[in-house]
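For reference, the structure discussed in these notes is given below.
The values are calculated or read from the model by the stated rules, or taken from the named source; none is laboratory data. Please read these numbers as outputs of a predicted model, since none were measured by experiment. Cβ coordinates were reconstructed from backbone atoms using ideal geometry, including for glycine residues, and neighbour counts include every protein chain displayed.
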């Protein structure tokens, strides 16, 4: 739903209801004219306020949209750079860990061979 037709309909409904109330209320002609004048001034003021707020909201949304368009690519670029830097920093540690794991695997293999030799000797 678009906001403009909704706001126009809402404003028309409020104005129509207020006019119907003013005209159906028992009062003298002078009071009626005073009430209509006051209502008209009040309605114009409120309508101007709504118009100002609508324009302000549109401008805020436009600014937000521009900020998002301008900042999102920069944020993605910075995240990519950080990730690349992180990968480069952990690369030496990863290599060391791989070497240590290989060493541990060799040690385990040697231990298994030694254990199997001892158990073979005990069986004989």
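Structure values in brief
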read-out	value
Filter result for the condition that a residue is surrounded by 10 or more Cβ atoms within 10 Å (Cβ to Cβ), more than 40 Å from the chain's Cα centre (by Cα) and either at pLDDT below 85 or not in a helix (DSSP H, G or I) (or both), over 14, 22	22
Pairs where the first residue, in segment 24-49, is over 22 Å from residue 11 (Cα atoms) and the second is surrounded by 10 or more Cβ atoms within 10 Å (Cβ to Cβ) and at pLDDT below 80, C-beta under 6 Å, 6+ apart	none
Test: residue in segment 105-113 that is within 43 Å of the chain's Cα centre (by Cα) and either touching a residue at least 60 places away in the same chain (Cβ under 8 Å) or surrounded by 10 or more Cβ atoms within 10 Å (Cβ to Cβ) (or both)	no
Residue list for segment 54-67, filter: modelled with pLDDT under 90 and either surrounded by fewer than 10 Cβ atoms within 10 Å (Cβ to Cβ) or closer than 17 Å to residue 5 by Cα (or both)	54
Some residue of segment 69-83 being under 40 Å from the mean Cα position of the chain (by Cα) and under 30 Å from residue 15 (Cβ atoms)	no
The one condition in (1) more than 32 Å from the chain's Cα centre (by Cα); (2) at pLDDT 85 or above; (3) more than 28 Å from residue 4 (Cβ to Cβ) that residue 35 fails to fulfil	(2)
